[in-house]
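The values are calculated or read from the model by the stated rules, or taken from the named source; none is laboratory data. Values in this document were obtained by computation on a predicted structure and should not be read as measured data. FYI the Cβ positions are ideal-geometry reconstructions off the backbone, even for glycines, and counts take in every protein chain you see. Surface areas here come from the heavy atoms of the whole protein model, side chains and all, with no ligands, DNA or RNA. Shrake-Rupley method; radii C 1.70, N 1.55, O 1.52, S 1.80 Å.
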Amino acid sequence: VMAMAAALRGPGGRFRWRTQATAGGVRGSARGAAAGRQDYNLLVIGGGSGGLACAKEAAQLGMKVAVVDYVEPSPRGTRWGLGGTCVNVGCIPKKLIHQAALLGGMIRDAPHYGWDVAQPVLHDWRKMAEAVQNYVKSLNWGHRVQLQDRKVKYFNIKASFVNEHTICGVTKGGKETLLSAEHIVIATGGRPRYPTHIEGALEYGITSDDIFWLKESPGKTLVVGASYVALECAGFLTGLGLDTTVMMRSIPLRGFDQQMSSLVTAYMASQGTRFLKHCTPSRVQKLPDGQLQVTWEDLTSGKENMGTFSTVLWAIGRIPETRSLNLENAGINTNPNSQKILVDAQEATSVPHIYAIGDVAEGRPELTPTAIMAGKLLARRLYGQSLDVMDYSNVPTTVFTPLEYGCVGLSEEEAMARHGEEHVEVYHAYYKPLEFTVAERDASQCYIKMVCLRKPPQLVLGLHFLGPNAGEVTQGFALGIKCGASYEQVMRTVGIHPTCAEEVAKLRISKRSGLDPTVTGCG
């Protein structure tokens, strides 16, 4: 009897008997779906951060769950395992290589602290890449094991909708499988965008999908773009001793606070990253020696320039993975411009039992932790009698450039636009991390600002921190800001001495005062 039926706890907490998937492969599954008997309670399309979190939570709540995941190789042929962008070609390898670059800086500091280190110290890309890639592969395996432990069925197939309850999955070998479910969650994320209108861009360029899986050093690199991906990659390449140039058409870090963004790039320039501002590439050609000749236009002068590089890395934004899903077969609406799926506050699409979470959903921050939380909360609403919806306000994040930039809440520009300049007070400070002093490091870009409402008790609208360990600092203050902290409360918080984070609790000088915001001494 147990082989024929499974007791599944319904959304209302009652037990329901449901016949298991009909034998007979594709035809049997289609018959089952047509008769209103679905194979699964929940089917998740996409095995990244959000999809896996949602699937595991639903399984924990007693549901029959399947995850389908398929990685289309990059144009360069790079492929990876289960876990999505963050694990394989995003946050995890990025932070590890950022750490490798920071270690290089510490080795240069070491003689100031009495360590007898022979300079210059050479970096072995191959050794680093192998170690990072092995760690990522261990995470892929860990995700597979977790799904097995939670009894979540995993299919390595490329999914597309047949109708609003059924998907067709195709294996690498072309074998088709039909799967049906009561609820479907789309969590397919996005992939880097190629500027296909530029000659040679696709043939000779790489993206963040490839950089972390290169066996050999990329050598002299041109990074095209001004996104956080562009700046993070350029930052760690420079830090590893590679000749690196960033080509940007307009402003760096669009959507972030622009004063902070200009300090981020100023620090990078001081560390040796070259910037070609207001330039746009027009052609990439391969020379007989294998080098890449890039032609670009200087938008300020209108002149054409050329340069030779070993690698061209495109970091000009991402596009959602929606085109191959056949969303129209299920009646799912997308934004025609962004191609992202339109969702409501409950993460529901235009089809009530189909949901979208993470980067693929319109208007959501493209961040792993928001996708994870949204996925867990969705599963709890569907199967755990919860009513909690994801709150996307005051989400902290950090850009892991050589000098890290952490922020939470509104930028200064957003605060002014929302509340009016006369109702906003900005407290700020230039500070010097203690560890920079003995090493005689330049700290002229280490800067903090807190954006507040002017009216007492001066609610904190946003915090922006540029300096070492920005992620660790911002995470702590994010809790206070999420809880509605005021400037007065922050000023009553005792700092931990000596730290960079304590400078946040000592922000006494407002921009409006016009006083010098440079911190001196321990006061």
* Listed peptides 185-192, 332-339 by packing density, highest first (mean Cβ within 10 Å) -> 185-192, 332-339
* For the chain, with every protein chain kept in place, what is the accessible area per residue (1.4 Å probe, Å²)? -> 47 Å²
* To do: For S486, list long-range residues whose amide hydrogen, built 1.01 Å from N in the peptide plane, is under 5 Å from its own amide hydrogen.
  => V460
* Under 5 Å between amide H atoms, partner at least 5 residues away or on a different chain: which partners does G190 have, H built in plane at 1.01 Å? -> E321
* Asked: Which of the aspartates and glutamates could a cross-linker bridge to K432, judged by Cα under 17 Å and excluding same-chain residues fewer than eight apart?
  -> D109, E404, E440, D442, E502, E503, D516
* To do: For segment 151-160, take each phi angle, set θ = phi - 60°, evaluate the Karplus expression 6.51 cos²θ - 1.76 cosθ + 1.60, and give the result in whole Hz per residue in order, putting x for glycine and proline.
  => 6, 8, 7, 10, 10, 8, 9, 8, 9, 8
* ³J(HN,Hα) computed for each position of segment 391-404 - Karplus, 6.51 cos²θ - 1.76 cosθ + 1.60, integer Hz, glycine/proline x -> 9, 8, 8, 6, 8, x, 8, 9, 9, 8, 7, x, 9, 6
* chymotrypsin sites (Phe, Trp or Tyr not before Pro), loop per DSSP, at most 14 other Cβ atoms within 10 Å - longest free stretch of the chain -> 116-391
* **For the chain, average projected area of the Cα convex hull in nm²** => 28.6 nm²
* Structure fact -> Along segment 284-299, Karplus-curve 3J(HN,Hα) (6.51, -1.76, 1.60; θ = phi - 60°) to the nearest Hz, with x for Gly and Pro, reads 10, 10, 8, 7, x, 7, x, 6, 10, 9, 10, 10, 9, 10, 7, 5
* Asked: Not counting the cut sites, what is the longest span of the chain without trypsin sites (Lys or Arg not before Pro) that DSSP labels loop and that have at most 13 other Cβ atoms within 10 Å?
  -> 304-491
* Say R0 is 60 Å: what FRET efficiency, to the nearest 0.05, do D388 and C522 get from their beta-carbon distance? -> 0.85
* Of the heavy-atom accessible surface of the chain (probe 1.4 angstrom), what whole percent is carbon and sulfur? -> 54 percent
* Structure fact -> Restricted to segment 193-316, the DSSP antiparallel beta bridge percent, nearest 5, is 50 percent
